[in-house]
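Asker: Got a structure for you, written out below as structure tokens; questions coming shortly.
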Amino acid sequence: MKWIEAANYEEMSKIAATIFKEQLKLVKTSVFGMATGSTPEGFYKELVKAYQAGELSFAEAKSFNLDEYIGIMPNNEASYHYFMDENLFNYIDMKRENIHVPTGNPKEIATATAEYDAAIAAAGGVDIQLLGIGVNGHIGFNEPGTAFELETNMVELTQSTREANQIYFDTIDDVPTHAITMGIRTIMNAKKVVLLISGASKQEAFDRLRSGEITTDFPASALHNHKDVTVIYTGVK
Ligand code: GLP
């Protein structure tokens, strides 16, 4: 695991964006794993800026997002579909058919999970997976206790995750109880992983990851078993 300390949020975003930009310049058909949350917002701004400056094109690239709430439709502002459109996809030239965000439609879940992993495999696998981290160490929506062997699946969200994500909803009752997420195995299959950690609320998660202990109680610790992980962090020490 490679650790890079950034001076501030902007620098963290720029370092991460540079890794993705270099991959895309090298391989136009790159497959990116994308993440949501407040942490990667600056990263997406950097990608949009680079595209608008004519520095690169996503026309042949593909993307697969980590997760989505169950029961929250794409036109809902709290959905991860909406987040990704607003932060990235509406502003770059990636083709709609190459953009993949797991479905939050409860009626589609039964078949959607296996289909998602099959689609990733058919695309040749993820070249670089971007990750944030939950205060409890979750990656995607893989909550503590999740088996490392799982591929894309439906999960029940912990109360602490629902509370942490309440800012995107009116009340706690509006926060979905379930989500669909790439499993830890799906994430581990990515050729390269870039994990962003920003802000004092992540200090405990940062310390635990840094300790090197590998346990399903702390999902991000699975990444110690991956051969190419870069952690870019700021606001923690
Ligand atoms: C959500 C997402 C995660 C994300 C986490 C942290 O639970 N499912 O993918 O990493 O939030 O979000 P933030 O970056 O806003 O702290």
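Asker: Restricting to helices (runs of 4 or more DSSP H) lying wholly in region 1-118: which have 3 or more residues that are under 21 Å from residue 226 (Cβ atoms)?
Answerer: 9-26
Asker: Anything in region 119-133 that is within 16 Å of the ligand (Cβ to nearest atom) and either of a type outside the set (Val, Ile, Thr) or in a helix (DSSP H, G or I) (or both)? List them, or say none.
Answerer: 129, 130, 131, 132
Asker: Additional query: Being polar (S, T, N, Q), in a helix (DSSP H, G or I) and open to solvent by less than 80 Å² (accessible area, probe 1.4 Å) is the filter here, so list the residues in region 212-237 that pass it.
Answerer: The answer is 221, and nothing else.
Asker: Here's something else I'd like to know. Show the residue pairs that are 6+ apart or on different chains and have beta-carbon atoms under 9 Å apart, the first residue being within region 21-38 and open to solvent by 10 Å² or more (accessible area, probe 1.4 Å), the second being aromatic (Phe, Trp, Tyr) and modelled with pLDDT of 95 or more.
Answerer: Hits for this filter: 23/32; 28/58; 36/80; 36/83; 37/83.
Asker: Tell me yes or no: at least one residue of region 194-204 is under 17 Å from the mean Cα position of the chain (by Cα) and open to solvent by 50 Å² or more (accessible area, probe 1.4 Å).
Answerer: Scanning region 194-204 turns up no residue that is under 17 Å from the mean Cα position of the chain (by Cα) and open to solvent by 50 Å² or more (accessible area, probe 1.4 Å).
Asker: Quick one: would you say residue 6 is of a type outside the set (Asp, Glu) and open to solvent by less than 10 Å² (accessible area, probe 1.4 Å)?
Answerer: Taking the combined requirement at face value, the residue satisfies it.
Asker: Quick one: would you say residue 190 is open to solvent by 20 Å² or more (accessible area, probe 1.4 Å), in contact with a Gly (Cβ under 9 Å, 6 or more places away or on another chain) and more than 11 Å from the ligand (Cβ to nearest atom)?
Answerer: no
Asker: Now a separate question. So in region 89-123, with the set limited to residues that are among the small types (Gly, Ala, Ser) and open to solvent by less than 50 Å² (accessible area, probe 1.4 Å), which one is nearest to residue 176 (Cα to Cα)?
Answerer: That would be 104.
The values are calculated or read from the model by the stated rules, or taken from the named source; none is laboratory data. Small disclaimer: the values here were computed from a predicted structure and weren't measured. When we count neighbours, we look across all protein chains shown, and the Cβ atoms used for this are built from the backbone with ideal geometry, even at glycine. Protein only, heavy atoms only, side chains kept; ligands, DNA and RNA dropped before computing areas. Shrake-Rupley method; radii C 1.70, N 1.55, O 1.52, S 1.80 Å.
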